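Student: Sharing a structure, written as structure tokens. Questions coming.
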Protein chains: 2
Amino acid sequence: MGLYVLKFGGTSVGSIDRIKHVAQLIGEQRDGGHDVVVAVSAMSGETDRLLGLAKAIDAAPPPRELDVLLATGEQVTIALLAMTLETMGYAARSYTGAQVTIRTDGVHGKARILAVDERRIRADLELGRVVVVAGFQGVDAAHNITTLGRGGSDTTAVALAAAMKADECKVFTDVDGVFTTDPRMVPEARRLQRVTFEEMLEMASLGAKVLQIRSVEFASKFGVPLRVLSTFGSNGGTLIAPEDGQEMETPLISGIAFNRDEAKITVLGVQDRPGIASSILEPVAAANIEVDMIVQNAGRDGSTDFTFTVHRSDFGKAMQVVEAVRGAIGAQQVIGDNRIAKISLVGVGMRSHAGIASKMFRALAIEGINILMISTSEIKISAVVDEKYLELGVRSLHSAFALEQDSNLSDESLQVN
Amino acid sequence: MGLYVLKFGGTSVGSIDRIKHVAQLIGEQRDGGHDVVVAVSAMSGETDRLLGLAKAIDAAPPPRELDVLLATGEQVTIALLAMTLETMGYAARSYTGAQVTIRTDGVHGKARILAVDERRIRADLELGRVVVVAGFQGVDAAHNITTLGRGGSDTTAVALAAAMKADECKVFTDVDGVFTTDPRMVPEARRLQRVTFEEMLEMASLGAKVLQIRSVEFASKFGVPLRVLSTFGSNGGTLIAPEDGQEMETPLISGIAFNRDEAKITVLGVQDRPGIASSILEPVAAANIEVDMIVQNAGRDGSTDFTFTVHRSDFGKAMQVVEAVRGAIGAQQVIGDNRIAKISLVGVGMRSHAGIASKMFRALAIEGINILMISTSEIKISAVVDEKYLELGVRSLHSAFALEQDSNLSDESLQVN
């Protein structure tokens, strides 16, 4: 008899029929004797509808009032889901973030959860009720309604699971779990039964978007086992949890993430002295441009080349910003390329194994793919290549590392979207 | 410099353009140096949309969850209105019923307001802010969201005005005020500048529906001057307030109310003994049929006739209920008529003047209108007539009592819808 926090996103509760389906999934958990707390998003389209109303008033509506407006989206869902559960014979209670109470800071639109009062939920569970909580929202110390920002319902679910010390937080989405890479690009891509928090963070930030990254950080911080699974499928999804010391051997590589919307900017002939990197990046940051990779080679003759990547939509602006400081930092030239893509191997196993990088570079070389940039972390190796080689690169690496095979594969059938 | 509570209904805030118009009206009050608290309803159509979602789940959804759902309607409006005010340069803050706090009992769907905490509102007013409060909703002692039932936003406005000791509660609607009778029936109908609470209660319950009756009772109880005026017009509307002792003479008759959806049921030859009336009405009440007029003549030969009226849609059911008890009470026969209408003269002035009734009956007789039933109260005389005589009756009475004339008429021009 476990305690589970279930989270359903906007697509999963996008219509009355879908809400009924979600209620059935919840009912199955109850029938199994488990206690269930549910966090839900607004019905798909509802948040955009509300935003549209606000934008008709002001392109930049007052943040406090925007939160009051947007918070109604989840409130509608909790009421409808609790009704459906009750109609099906399962006792249920809905709560807004304010009612729980989910206490946040006062940063409207992207508030951070400070504390979850679990007493009211606990009392309902003891009475055999399903507790349905509005995701994405809370209240600050002055009882103002706040929202956590888009995707914040995942964070709500994890925060509830942490506060309740739940056995697992199950996030239901429209995908079957986390895959070795995007199945639309590599049909052989395999669903992972388990990844570590660290791998998930690298995969998520690199573009394999399944979970909001903040919720993974949150789950990692509080040690909440997180399971991603499909609302409409029947397999066990992917469990995101700490590295399992029990297993004899973890796989070298868990998956291949990629990002096609990159652009790179190189400042050539920069003086090789302290403070140059910040002289280049500070005006970039001041222009609200997010920087992804940063690479600087060892210099020679007192000068070096400095390269960083940005989102492709920021390419033009970033070029202008850097060009404007070129003289001041004594650089020779600024060159850029906005037709690049990044491919990353991710796996906690690479920490204890040598040779992953050389095997990766060899596999790309065999296909004639030139590597433009390289960057590594403890559990990740990223290579930037010409955009036209993206699919070929991902497929050849997936095959080279035999990711379609899994020695730990259970007798479950694979489900690939 | 006054303190005003303004209330805007669903039609007045039914679109972004209308919300902007409402914000302008509020801004004019602020520009005049007044403090302003606003109570608003859900945008027109929104409550029905939400009800539709609930009904798709269950014909009788759980009341607690229905309240959670419906309360989002007003929450959307307060956010949009506060945004609009801020965008126009007027500092504003929105509050849900729970945030105010508006404390109610726990009767979901028709909760009664127990207390209004005015401290937060007062603090905002001192900071020069317009306070925008969600009508129709509150919270019970256990922080469950409650609603006051349809039209409850009027009650919210009056409760806020009472708590704040406001100078006036201005209810903006789509009519210009309270008229001597329905202008669609009598083009000469005149807007009343002032009526008493008692007259308004009689007019409202008799079909001249402008304000929710509970809000008038509330205003009367707490002595809150209530003004009804049009969101889209420019006249001063109608002030509903205690009888003004200053005036030399109050008019005999303030207005003529009428109701065409009536049906009457007569139990003939009832034994004239105690308990008979309740024997007839108890099963009617048990069948959830509301009774309007009740008339019993003085009996003769130990028997009498007992007549009551119900809403026309309840006629068939009421006939069945009474027929079922006919034998037990020893009545001879039950007869009914569902093509009747009621015409009522209302006026506090009739308390101190004789002859109103005879003048009324004579006016109807001149037109050949037979009176089927008569009932009177201190400030009202009602006559039931054949439905086909309704318009003729109302017009002849309007003319007989010269209601189109007003000795107190100011130099404002008359506005008749």
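The values are calculated or read from the model by the stated rules, or taken from the named source; none is laboratory data. None of these values were measured; they are calculated from a predicted model. Don't worry about glycine lacking a Cβ; one is built from the backbone with ideal geometry, like all the others, and counts go over all protein chains shown.
Student: I'm trying to understand the selection: among the residues of the stretch B:1-50, which are of a type in the set (A, V, I, L, M) and out of contact with any strand residue (DSSP E or B) (no Cβ under 8 Å at 6 or more places or on another chain)?
Tutor: B:16, B:19, B:23, B:42, B:43, B:50 - these are the residues of the stretch B:1-50 that are of a type in the set (A, V, I, L, M) and out of contact with any strand residue (DSSP E or B) (no Cβ under 8 Å at 6 or more places or on another chain).
Student: Answer yes or no as to whether residue A:64 is more than 9 Å from every other protein chain (Cβ to nearest Cβ) and assigned to a helix (DSSP H, G or I).
Tutor: Taking the combined requirement at face value, the residue does not satisfy it.
Student: Follow-up. Identify all residues within the stretch A:222-270 that are modelled with pLDDT of 90 or more and among the charged types (D, E, K, R); write none if there are none.
Tutor: A:227, A:262, A:264 - these are the residues of the stretch A:222-270 that are modelled with pLDDT of 90 or more and among the charged types (D, E, K, R).
Student: Output the residues belonging to the stretch A:313-372 that are among the small types (Gly, Ala, Ser), in contact (Cβ under 8 Å) with a residue 24 or more places away in the chain and farther than 29 Å from residue A:254 by Cα.
Tutor: A:313, A:318, A:324, A:328, A:330, A:331, A:336
Student: For the stretch B:280-294, how many residues are over 24 Å from the mean Cα position of the chain (by Cα) and assigned to a strand (DSSP E or B)?
Tutor: 0
Student: Identify the residue in the stretch A:117-136 that is more than 14 Å from chain B (Cβ to nearest Cβ) and over 22 Å from the mean Cα position of the chain (by Cα) and, among all such residues, is nearest to residue A:31 (Cα to Cα).
Tutor: Among those that are more than 14 Å from chain B (Cβ to nearest Cβ) and over 22 Å from the mean Cα position of the chain (by Cα), it is A:128.
Student: Sort out which residues of the stretch B:12-57 are polar (S, T, N, Q) and either away from chain A (no Cβ under 11 Å) or part of a helix (DSSP H, G or I) (or both), and write them in order of number.
Tutor: We begin by selecting, within the stretch B:12-57, every residue polar (S, T, N, Q); these are B:12, B:15, B:24, B:29, B:41, B:44, B:47.
Scanning the stretch B:12-57 gives B:12, B:24, B:29, B:41, B:44, B:47.
Student: Taking the stretch B:81-90 only, how many residues are of a type outside the set (Val, Ile, Thr) and in a helix (DSSP H, G or I)?
Tutor: 5
Student: Follow-up. Filtering the stretch B:80-92 down to residues that are under 13 Å from residue A:56 (Cα atoms) and within 8 Å of chain A (Cβ to nearest Cβ), which residue is nearest to the chain's Cα centre (by Cα)? If you could, list the steps in order and put the result at the bottom.
Tutor: We begin by selecting, within the stretch B:80-92, every residue under 13 Å from residue A:56 (Cα atoms); these are B:80-81, B:83-84, B:87.
With within 8 Å of chain A (Cβ to nearest Cβ) added as a condition, the list becomes B:80, B:83-84, B:87.
On the way: B:80: 27, B:83: 31, B:84: 30, B:87: 34 Å.
If we take residues in the stretch B:80-92 being under 13 Å from residue A:56 (Cα atoms) and within 8 Å of chain A (Cβ to nearest Cβ), then B:80 is nearest to the chain's Cα centre (by Cα).
Student: If you take the residues of the stretch A:145-189 that are surrounded by fewer than 21 Cβ atoms within 10 Å (Cβ to Cβ) and among the charged types (D, E, K, R), which of them is nearest to the chain's Cα centre (by Cα)?
Tutor: A:150
Student: Residue B:119 versus (1) within 21 Å of residue A:75 (Cβ to Cβ); (2) free of Cβ contacts under 8 Å to residues at least 24 places away in the same chain: which is the lone unmet condition?
Tutor: Going through the list (1) within 21 Å of residue A:75 (Cβ to Cβ); (2) free of Cβ contacts under 8 Å to residues at least 24 places away in the same chain, residue B:119 breaks only (1).
Student: For the stretch A:165-214, what are the residues that are of a type in the set (Lys, Arg) and touching an Asp or Glu at 6+ places or on another chain (Cβ under 6 Å)? Reasoning before the result, please.
Tutor: Here is the first cut: in the stretch A:165-214, the ones of a type in the set (Lys, Arg) are A:165, A:170, A:184, A:190-191, A:194, A:209, A:214.
Selection gives A:190, A:191.
Student: Which count do you get for residues in the stretch A:214-229 that are buried (at least 18 other Cβ atoms within 10 Å of the Cβ), touching a residue at least 60 places away in the same chain (Cβ under 8 Å) and either within 17 Å of residue A:21 (Cβ to Cβ) or over 14 Å from the mean Cα position of the chain (by Cα) (or both)?
Tutor: Selection size over the stretch A:214-229: 1.
One line per residue, one yes/no per condition, for (1) of a type outside the set (Lys, Arg); (2) modelled with pLDDT under 95; (3) more than 30 Å from residue A:23 (Cβ to Cβ):
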position	(1), (2), (3)
B:62	yes, no, no
B:70	yes, no, no
B:79	yes, no, no
B:84	yes, no, yes
B:94	yes, no, yes
B:112	no, yes, yes
B:119	no, no, yes
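Student: When you look at residue A:291, is it in contact with a Gly (Cβ under 9 Å, 6 or more places away or on another chain) and in contact (Cβ under 8 Å) with a residue 12 or more places away in the chain, yes or no? Before you say what the answer is, go through the steps one by one.
Tutor: Numbers: in contact with a Gly (Cβ under 9 Å, 6 or more places away or on another chain): no; in contact (Cβ under 8 Å) with a residue 12 or more places away in the chain: yes.
The answer is no for residue A:291.
Results for (1) under 26 Å from residue B:105 (Cα atoms); (2) β-branched (Val, Ile, Thr); (3) out of contact with any Lys or Arg (no Cβ under 9 Å at 6 or more places or on another chain); (4) away from every other protein chain (no Cβ under 14 Å), shown as yes or no for each residue.
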{"site": "B:138", "(1), (2), (3), (4)": "yes, no, no, no"}
{"site": "B:144", "(1), (2), (3), (4)": "yes, no, no, no"}
{"site": "B:148", "(1), (2), (3), (4)": "yes, no, no, yes"}
{"site": "B:154", "(1), (2), (3), (4)": "yes, no, no, yes"}
{"site": "B:162", "(1), (2), (3), (4)": "yes, no, no, yes"}
{"site": "B:192", "(1), (2), (3), (4)": "no, no, yes, yes"}
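Student: Among the numbered conditions (1) modelled with pLDDT of 95 or more; (2) within 27 Å of the chain's Cα centre (by Cα), tell me where residue B:10 comes up short.
Tutor: It is condition (1) that residue B:10 fails.
Student: Residues being of a type in the set (S, T, N, Q) and more than 7 Å from chain B (Cβ to nearest Cβ): count how many of those fall in the stretch A:67-79.
Tutor: Here the count works out to 1.
Student: For residue A:69, state whether it is buried (at least 23 other Cβ atoms within 10 Å of the Cβ) and more than 17 Å from residue A:148 (Cβ to Cβ).
Tutor: No: the conditions fail for residue A:69.
Student: If you don't mind, another one. Among the numbered criteria (1) in contact with a strand residue (DSSP E or B) (Cβ under 6 Å, 6 or more places away or on another chain); (2) modelled with pLDDT of 85 or more; (3) under 21 Å from residue A:39 (Cα atoms), which one does residue A:179 miss?
Tutor: Failed condition: (3).
Student: Further, regarding this structure: Just for the stretch A:85-104: of the residues that are closer than 12 Å to residue A:117 by Cβ and hydrophobic (A, V, I, L, M, F, W, C), which one is surrounded by the most Cβ atoms within 10 Å (Cβ to Cβ)?
Tutor: A:102
Student: Right, here's the next one. When you look at residue A:295, is it assigned by TED's automatic domain parsing to the domain that holds residue A:343 and in contact with a helix residue (DSSP H, G or I) (Cβ under 7 Å, 6 or more places away or on another chain), yes or no?
Tutor: no
Student: With (1) at the interface with chain A (Cβ under 9 Å from one of its Cβ atoms); (2) within 24 Å of the chain's Cα centre (by Cα) as the list, and residue B:95 as the residue in question, which single condition is left unmet?
Tutor: Exception for residue B:95: condition (2).
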